[in-house]
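For reference, the structure discussed in these notes is given below.
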Amino acid sequence: MWRSLRPLGRSAATGGYRRYAWTGADADCRLWFRMQAEARRLDVETDRNGNQWAWLGDPTAGDAVVTGSHLDSVPDGGAFDGPLGVVSAFAALDELRARGVSFKRPLAIVNFGDEEGARFGLACVGSRLTAGRLTKEQAYELRDADGITLPQAMEAAGHDPEGIGPDPERLARIGAFVELHVEQGRALDLSGDAVGIASAIWPHGRWRYDFAGEANHAGTTRLVDRRDPMLTYAETVLAARREAELAGAVATFGKIAVEPNGVNAIPSMVRGWLDARAADQGSLDAVTAGVEAAARAYADRHGIDLAVVQESYTPVVDFSHTLRDELSRVLGEKTPVLGTGAGHDAGILSESIPTAMLFVRNPTGVSHSPAEFAAEDDCVAGVRALADVLEELACR
């Protein structure tokens with residue numbers, strides 16, 4: 001499966017993946033998912049929001065056990081973030097069939113659409129729509145860097161956007177969702193464990209900072225006459241680092257858009273996107289308030305107009321204690337339980353259905369990068385752990 005999936009959407013220049021929602025690379029991944037499902041005699045469907053489901057058993061029977069993740073990527077992302085959960089789901093089904101088990105509940109493998117949000121700027125679009133955490137009207141307002149709206153992109157890819165929106169009937173038929181994911185950090189490497197169980201997802205969000213100044217000539221405009229928004233942006237980036245360190249949190253400006261974006265031109269506008277995450281709500285609030293206060297002070301000093309827009313926010317996610325305890329019982333009480341600062345579809349769905357997560361060791365902790373890695377032995381351990389969990393949930 002890895003060999004067949006590896007070349008899809010991969011950049012020859014960087015070795016990273018560019019599997020953006022509703023593009024050709026996304027279509028290739030969706031075809032791969034369908035072929036893997038059909039090879040295992042599973043019934044494949046695409047729901048109203050573009051998520052793919054591969055079913056073993058009657059989807060309408062209720063109390064289904066679901067596993068899987070996503071296949072899209074961040075710009076120049078790694079091979080494991082998302083795909084490891086989908087590949088492991090198919091491999092776990094193979095393992096259960098090899099064990100000769102009988103399924104007492106329907107089982108589904110899912111590929112959620114647009115989890116990373118690389119194209120339209122909002123993460124977990126497929127699961128947000130399904131859970132009613134993103135309305136149809138809000139989704140229709142999403143645009144990519146070229147001005148193409150989400151419904152236009154869906155339609156161009158052959159999916160009818162008219163029906164997108166909450167899908168409570170589907171969620172009502174799901175009894176549990178278990179998502180396996182490569183760890184995005186080094187906790188398991190430090191503890192010496194191949195597999196861990198998630199306890200919670202930190203609260204996190206994305207804020208867009210619009211710094212508006214005045215375009216002018218880079219060679220003839222005196223420094224004292226400039227209204228340069230890049231200076232205010234740069235000082236705000238440093239403020240984000242300071243505030244994060246004070247709160248024991250993380251804050252990142254990882255995306256920027258500059259107008260007019262000329263080498264010899266003072267910018268008229270700098271847009272920067274802040275990603276902030278913390279272990280608790282109070283710490284996150286302290287970081288975001290501190291960054292904005294610093295940005296406004298810098299903006300006033302330089303004569304810059306500033307607008308701050310919250311583009312997304314996810315509160316702390318505490319996974320189902322009952323399901324988490326069940327995973328600990330199946331895998332052994334010594335299996336580490338750890339929190340994470342990364343968002344996932346399992347977190348979005350946690351308010352609607354019981355969800356849980358398994359993590360597979362990442363020896364370097366690197367993620368959202370071509371250097372992302374998990375050893376084969378650890379991946380196999382993850383498959384076996386997932387198979388053990390699914391056997392307990394769906395076969396007994």
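The values are calculated or read from the model by the stated rules, or taken from the named source; none is laboratory data. Since we're looking at a predicted model, the values are computed, not measured. Cβ placement follows ideal geometry from the backbone for every residue including glycine, while neighbour counts extend to all protein chains displayed. Surface accessibility is based on the protein's heavy atoms, side chains included, excluding ligands, DNA and RNA. Shrake-Rupley method; radii C 1.70, N 1.55, O 1.52, S 1.80 Å.
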Practice problem: Could you tell me whether any residue of segment 209-220 is crowded, with 18+ Cβ neighbours inside 10 Å and either modelled with pLDDT under 95 or outside any strand (DSSP E or B) (or both)? | Solution: yes
Quiz item: Can you name the residue in segment 302-328 that is in a loop (DSSP other than H, G, I, E, B) and at pLDDT below 95 and, of all such residues, is least open to solvent (accessible area, probe 1.4 Å)?
Solution: F319
Quiz item: Which of the residues that make up segment 54-102 are over 17 Å from H368 (Cα atoms), surrounded by 22 or more Cβ atoms within 10 Å (Cβ to Cβ) and of a type outside the set (A, V, I, L, M)?
Solution: T67, G68, S88
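Give segment 367-393 a look and list any residue that's of a type in the set (A, V, I, L, M), touching a residue at least 12 places away in the same chain (Cβ under 8 Å) and not in a loop (DSSP other than H, G, I, E, B), or say none. Full working, then the answer.
Initially, segment 367-393 is screened for residues of a type in the set (A, V, I, L, M), giving 371, 374-375, 380-381, 383, 385-387, 389-390, 393.
Cutting the leftovers down to touching a residue at least 12 places away in the same chain (Cβ under 8 Å) gives us 371, 374-375, 381, 383, 385-387, 389-390, 393.
A381, V383, A385, L386, A387, V389, L390, L393 - these are the residues of segment 367-393 that are of a type in the set (A, V, I, L, M), touching a residue at least 12 places away in the same chain (Cβ under 8 Å) and not in a loop (DSSP other than H, G, I, E, B).
Listed here are the residues, each with its yes/no results for (1) more than 18 Å from L188 (Cβ to Cβ); (2) not β-branched (V, I, T).
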{"position": "T314", "(1), (2)": "yes, no"}
{"position": "S320", "(1), (2)": "yes, yes"}
{"position": "G343", "(1), (2)": "yes, yes"}
{"position": "S350", "(1), (2)": "yes, yes"}
{"position": "I353", "(1), (2)": "yes, no"}
{"position": "G365", "(1), (2)": "no, yes"}
{"position": "E376", "(1), (2)": "no, yes"}
{"position": "E392", "(1), (2)": "yes, yes"}
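Considering every residue within segment 242-249, establish whether at least one is out of contact with any helix residue (DSSP H, G or I) (no Cβ under 9 Å at 6 or more places or on another chain), over 19 Å from V308 (Cα atoms) and either open to solvent by 70 Å² or more (accessible area, probe 1.4 Å) or in contact (Cβ under 8 Å) with a residue 24 or more places away in the chain (or both). Spell out how you get there, then give the answer.
Just the residues of segment 242-249 that are out of contact with any helix residue (DSSP H, G or I) (no Cβ under 9 Å at 6 or more places or on another chain), to begin with: 245.
Those left that are additionally over 19 Å from V308 (Cα atoms): 245.
Filter again for either open to solvent by 70 Å² or more (accessible area, probe 1.4 Å) or in contact (Cβ under 8 Å) with a residue 24 or more places away in the chain (or both), leaving 245.
Yes, because at least one residue in segment 242-249 is out of contact with any helix residue (DSSP H, G or I) (no Cβ under 9 Å at 6 or more places or on another chain), over 19 Å from V308 (Cα atoms) and either open to solvent by 70 Å² or more (accessible area, probe 1.4 Å) or in contact (Cβ under 8 Å) with a residue 24 or more places away in the chain (or both).
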Quiz item: Just for segment 120-133: of the residues that are in a loop (DSSP other than H, G, I, E, B) and among the hydrophobic types (A, V, I, L, M, F, W, C), which one is farthest from I348 (Cα to Cα)?
Solution: F120
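Can you pull out every residue in segment 165-196 that is hydrophobic (A, V, I, L, M, F, W, C) and over 20 Å from E372 (Cα atoms)? Steps first, answer last, please.
Here is the first cut: in segment 165-196, the residues hydrophobic (A, V, I, L, M, F, W, C) are 171-172, 174, 176-178, 180, 182, 187-188, 190, 194-195.
Those that are hydrophobic (A, V, I, L, M, F, W, C) and over 20 Å from E372 (Cα atoms): L171, A172, I174, A176, F177, V178.
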Quiz item: Just a yes or no: is a residue in segment 332-355 open to solvent by 40 Å² or more (accessible area, probe 1.4 Å) and assigned to a helix (DSSP H, G or I)?
Solution: no
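Conditions (1) touching a residue at least 24 places away in the same chain (Cβ under 8 Å); (2) in a helix (DSSP H, G or I); (3) open to solvent by less than 30 Å² (accessible area, probe 1.4 Å), marked per residue:
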position: G254; (1), (2), (3): no, no, no
position: V258; (1), (2), (3): yes, no, no
position: N261; (1), (2), (3): no, no, no
position: R271; (1), (2), (3): yes, no, no
position: A279; (1), (2), (3): yes, no, no
position: S283; (1), (2), (3): yes, yes, yes
position: A286; (1), (2), (3): yes, yes, no
position: V291; (1), (2), (3): yes, yes, yes
Quiz prompt | Enumeration of residues in segment 1-23 that are loosely packed, with under 15 Cβ neighbours inside 10 Å, free of Cβ contacts under 8 Å to residues at least 12 places away in the same chain and under 19 Å from V366 (Cα atoms) | solution = none
Self-check item: Residues of segment 138-191 that turn out to be open to solvent by 20 Å² or more (accessible area, probe 1.4 Å) and among the β-branched types (V, I, T), as a count
Solution: 1
Exercise. Starting from segment 172-189, take each residue that is within 14 Å of P363 (Cα to Cα) and list its partners that are among the aromatic types (F, W, Y) and not in a strand (DSSP E or B), counting only C-beta distances under 8 angstrom and pairs at least six apart or across chains.
Key: V182/F80
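Could you tell me whether any residue of segment 357-366 is part of a helix (DSSP H, G or I), surrounded by 20 or more Cβ atoms within 10 Å (Cβ to Cβ) and among the charged types (D, E, K, R)?
No, every residue in segment 357-366 fails to be part of a helix (DSSP H, G or I), surrounded by 20 or more Cβ atoms within 10 Å (Cβ to Cβ) and among the charged types (D, E, K, R).
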